[in-house]
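Colleague: Right, I'll just put the structure down here and ask away after.
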């Protein structure tokens, strides 16, 4: 199954809301970083290979119709080459609000990764490589995060043909998304999820150690 829709917005730009929306539009299952965290034995080797220039997107996205969030967003050039007929979505927000959100969630989690259990550290080390591929080394300050965020968005806009790219804020709701994808607009409310509190709940659920068998 080829990917039909690929989100190139960085984490903390409404990617989880977009995932939920795409699945509501029957364009799922949708790959998200959550899937990596919940299936590390399969996903981690695949993504580590991709980060070493040996991507196997067919295996990574097996059974998926869409993908959003990191690590996907780091591979926009490779994914356009692999899926040239896909529709691409660049979710975005102001660089100031993004840097504040990213800095207090994902970046904080990565900075403290040595405190995590060994299997979780392996996942977080992969994430460090993925955000590094997007231009975000560790230890950037607020201004550096905001600057690199703008650079990623501009690079995507410059690379993906405009007719295949929707530059989109999830607060715009269903209409621009559905028009771009050529599907009917649902009567239900657009999903709003994964604020900062929900982020930590998702992380805790995804990385909770499995209880030892008695």
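The values are calculated or read from the model by the stated rules, or taken from the named source; none is laboratory data. Because the structure is predicted, anything quoted here is derived from the model rather than measured. FYI the Cβ positions are ideal-geometry reconstructions off the backbone, even for glycines, and counts take in every protein chain you see.
Colleague: Answer yes or no: is there a residue in segment 83-95 that is in a helix (DSSP H, G or I) and over 17 Å from residue 159 (Cβ atoms).
Modeller: Yes, the conditions are met somewhere in segment 83-95.
Colleague: Related question: Taking segment 67-116, which residues are modelled with pLDDT under 95 and closer than 25 Å to residue 174 by Cβ?
Modeller: 101
Colleague: Here's a check for you: in segment 28-58, which residue that is part of a loop (DSSP other than H, G, I, E, B) and within 16 Å of the chain's Cα centre (by Cα) is modelled with the lowest pLDDT?
Modeller: My answer is 39.
Colleague: Which of (1) in contact (Cβ under 8 Å) with a residue 12 or more places away in the chain; (2) farther than 17 Å from residue 10 by Cβ does residue 170 not meet, given it meets every other one?
Modeller: (2)
Colleague: Shifting gears a bit: I need a count of the residues in segment 56-90 that are in contact with a strand residue (DSSP E or B) (Cβ under 8 Å, 6 or more places away or on another chain) and over 16 Å from residue 151 (Cβ atoms).
Modeller: 16
Colleague: Can you tell me how many residues in segment 11-27 are at negative phi and either out of contact with any helix residue (DSSP H, G or I) (no Cβ under 9 Å at 6 or more places or on another chain) or assigned to a helix (DSSP H, G or I) (or both)? Step through it out loud before you land on a result.
Modeller: Restricting attention to segment 11-27, the residues satisfying the condition of being at negative phi are 11, 13, 15-25, 27.
The next check asks that each one be either out of contact with any helix residue (DSSP H, G or I) (no Cβ under 9 Å at 6 or more places or on another chain) or assigned to a helix (DSSP H, G or I) (or both); those that pass are 15-24.
Residues meeting the conditions: 10.
Colleague: Also: When residue 136 is evaluated against the numbered criteria (1) surrounded by 14 or more Cβ atoms within 10 Å (Cβ to Cβ); (2) out of contact with any strand residue (DSSP E or B) (no Cβ under 9 Å at 6 or more places or on another chain); (3) outside any loop (DSSP other than H, G, I, E, B), which criterion, by number, is the only one it fails?
Modeller: (3)
Colleague: Picking from 185, 193, which residue would you name as being within 30 Å of residue 45 (Cβ to Cβ) and either in a loop (DSSP other than H, G, I, E, B) or modelled with pLDDT of 95 or more (or both)?
Modeller: It is 193.
Colleague: Determine whether residue 50 is crowded, with 20+ Cβ neighbours inside 10 Å, over 24 Å from residue 181 (Cα atoms) and either touching a residue at least 60 places away in the same chain (Cβ under 8 Å) or in contact with a helix residue (DSSP H, G or I) (Cβ under 9 Å, 6 or more places away or on another chain) (or both).
Modeller: Details: crowded, with 20+ Cβ neighbours inside 10 Å: yes; over 24 Å from residue 181 (Cα atoms): yes; either touching a residue at least 60 places away in the same chain (Cβ under 8 Å) or in contact with a helix residue (DSSP H, G or I) (Cβ under 9 Å, 6 or more places away or on another chain) (or both): yes.
Yes: the conditions hold for residue 50.
Colleague: Quick one: is residue 124 farther than 27 Å from residue 181 by Cα and either over 13 Å from the mean Cα position of the chain (by Cα) or surrounded by fewer than 19 Cβ atoms within 10 Å (Cβ to Cβ) (or both)?
Modeller: Criteria met by residue 124.
Colleague: Is it the case that segment 110-119 has a residue that's assigned to a helix (DSSP H, G or I), surrounded by 15 or more Cβ atoms within 10 Å (Cβ to Cβ) and free of Cβ contacts under 8 Å to residues at least 40 places away in the same chain?
Modeller: Yes; the residues of segment 110-119 include at least one that is assigned to a helix (DSSP H, G or I), surrounded by 15 or more Cβ atoms within 10 Å (Cβ to Cβ) and free of Cβ contacts under 8 Å to residues at least 40 places away in the same chain.
Colleague: Right, another one. What number of residues within segment 146-195 satisfy the criterion of being at positive phi and exposed (fewer than 14 other Cβ atoms within 10 Å of the Cβ)? First the steps, then the outcome.
Modeller: If we filter segment 146-195 for residues that are at positive phi, which is where we start, we get 173, 182, 194.
Next cut, exposed (fewer than 14 other Cβ atoms within 10 Å of the Cβ) only: 182.
Of the residues in segment 146-195, 1 are at positive phi and exposed (fewer than 14 other Cβ atoms within 10 Å of the Cβ).
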